[in-house]
Every structure is written in structure tokens, then in C-alpha cells.
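The values are calculated or read from the model by the stated rules, or taken from the named source; none is laboratory data. Here the structure is a predicted model, which is why all the values come from computation and not from measurement. All Cβ positions, glycine included, derive from the backbone under ideal geometry; neighbour counts span all protein chains shown. Note: accessible area is taken over every heavy atom of the protein model, side chains too, but ligands, DNA and RNA are not part of it. Shrake-Rupley method; radii C 1.70, N 1.55, O 1.52, S 1.80 Å.
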Amino acid sequence: MRGVVKTAGTTSAARSARAAGPPPTHVVARALLRPVWRTLPRWALLTGAVVGLLPAGLTRTASGPPDTWLCLNLLRASAVAFALGLAFLLDDPARNTTATVPVRRPVRTGLRLGLVVPFTAACWTAALFLIPAKGRPPEGAITLEAAAITVLALASALVAVRCSEAGEPGIAISAGLVGAFFAAALLLPERWELFVAASDPHWDDAHRRWAGVLVVALLAGALSLAEPLRRRRTTVLAHR
């Protein structure tokens, strides 16, 4: 009789849990914070941060008045270094063996971003203020460039994870980002130039183009937040 009562109680509890539905997203996110923190590619992120701060710090060792063009390009180098570290953010060697999880991918990706983006923003602020005030370019404009480069790296990682089976696309993304950086600096015609001097009359036009790069990268990243295509096909076949 006790066994029957116990079984009935267990069945009733299971039904109540199903009726209550899944736990709220914020509860799940809080429970995932520690596991997500453990899987972050911390060495890549820290290396990007350290390498990104070095160019800006070099300006403090120079004697004489700061060179504005040099300071601007050192800040651009810092932005690229920070972005290269973030290119590894979604690297997960176990991705293909732990594909089936009860948490939607936007939540998992959002947790990674939430843990890392404030740190990257702090590093960029430090790099910006390491540049002497007399040689520092307009903060808003150069921060727009840094944001566009950073979001481009993150969007590339999101696209790679969604459209390929690569568990660690960070190396390929960082190589592509460096190639794109040099191609944009050396090959773009004058009317499409992105890397111009602060005294250049096309400075404002160049930053309108940077804003366009940022918007396109944001849209590409947002559209790639859905579950990877291969997983969606597997789910459809399983239901059949």
C-alpha cells in the first residue's frame, strides 16, 4: 500500500512540474553562469587584452610631443587585438558532442557575451586613456571603429558556428580578420577608405562607412543566433 501511495505521489509531482512549464529564462541563465565561465577561452581573451594594451602603452614611453597619426594607428591596432581575442569566444571543442541541450542558443551566447563584453569595454577604455591627451583622436569616432571591428569578429564567429561543424573556428576567423584589416587599409579606393587621418576632410565620411559596417555586422550576428543549420536538419529528420 505504501508503494502505491508513493508511486501516486511521484506521478502527481511529475504532472505538477509539467503543468508549471519550464523554469524562467533568468533562472536557467543564473544556473548556467558557472559552467559557461568554465568553458570560456580565457587564455585567448587575456592574450588579446594584453596585446591590445601594449600599443597604447607604447605611447607613454616616447619622448617629445605625441604624433597624432601614430597614436590613431596604435589605437586601431589595439582594437584589432581585442577583436582577435573575441574571435575565440565561441570556441568549444565539445560542441559536436554536447549539441542537445535544454537551453536555447541565444541564451548561451548571451551569457558568454555578458561575461566578456564588459571586460573588453574596460580594456578599450584603458587603451584610450593610455594615449596622451594631445595625441588622442576623437574618442567617439575611434570607439565607433573599435566597435565595428569587434562586432565584425563576433558576427564572424556566430556565422561560423551556425553554418559549419567547426568546434574551434577562432583561428580561421582571426586570420581572416587580420587579412580583411590589411586589405581594407591597402586596397580600398579613396572614396571607400576606412582608415583615414583625423585631419583628413573625409574623416566624417569614413565614419559613416564604419557605422554601416557596424550595422551590417550586428544584423549578420543577430540572424546567426538561431540553432546551427545541421542541428535543425537532424531534428527534422528525427521527427520524421
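Taken over region 196-225, the criterion of being aromatic (F, W, Y) and within 30 Å of R162 (Cβ to Cβ) is satisfied by W210 alone.
Given the criteria at pLDDT 95 or above and open to solvent by 30 Å² or more (accessible area, probe 1.4 Å), does A79 qualify? Considered against the rule, which asks whether it is at pLDDT 95 or above and open to solvent by 30 Å² or more (accessible area, probe 1.4 Å), A79 comes out as no. Inspection of region 138-150 finds a residue satisfying the criterion of being assigned to a loop (DSSP other than H, G, I, E, B) and either at pLDDT 95 or above or open to solvent by 40 Å² or more (accessible area, probe 1.4 Å) (or both). Among the candidates L177, L194, L214, the residue that is assigned to a helix (DSSP H, G or I), aliphatic (A, V, I, L, M) and open to solvent by less than 30 Å² (accessible area, probe 1.4 Å) is uniquely L177.
Within region 212-225, the only residue that satisfies the criterion of being free of Cβ contacts under 8 Å to residues at least 60 places away in the same chain and closer than 21 Å to L72 by Cβ is G212. If the condition is being assigned to a helix (DSSP H, G or I) and among the hydroxyl-bearing types (S, T, Y), then region 42-73 contributes T47, T68. If the condition is being among the hydrophobic types (A, V, I, L, M, F, W, C), more than 13 Å from the chain's Cα centre (by Cα) and at pLDDT 90 or above, then region 82-132 contributes A122, C123, W124, A126, A127, L128, F129, L130, I131.
Could you tell me whether G110 is surrounded by fewer than 20 Cβ atoms within 10 Å (Cβ to Cβ) and either in a helix (DSSP H, G or I) or acidic (D, E) (or both)? Yes: the conditions hold for G110.
Residues in region 197-211 that are without any contact (Cβ under 8 Å) to a residue 12 or more places away in the chain and open to solvent by less than 60 Å² (accessible area, probe 1.4 Å): D200 alone.
Looking for something open to solvent by 30 Å² or more (accessible area, probe 1.4 Å), modelled with pLDDT under 80 and not basic (K, R) - is there at least one such residue anywhere in region 38-58? So far as region 38-58 goes, no, none of its residues is open to solvent by 30 Å² or more (accessible area, probe 1.4 Å), modelled with pLDDT under 80 and not basic (K, R).
For region 166-174, does any single residue satisfy the condition of being charged (D, E, K, R), in contact (Cβ under 8 Å) with a residue 60 or more places away in the chain, open to solvent by 50 Å² or more (accessible area, probe 1.4 Å) and under 29 Å from A226 (Cα atoms)? Yes - at least one qualifying residue is present in region 166-174.
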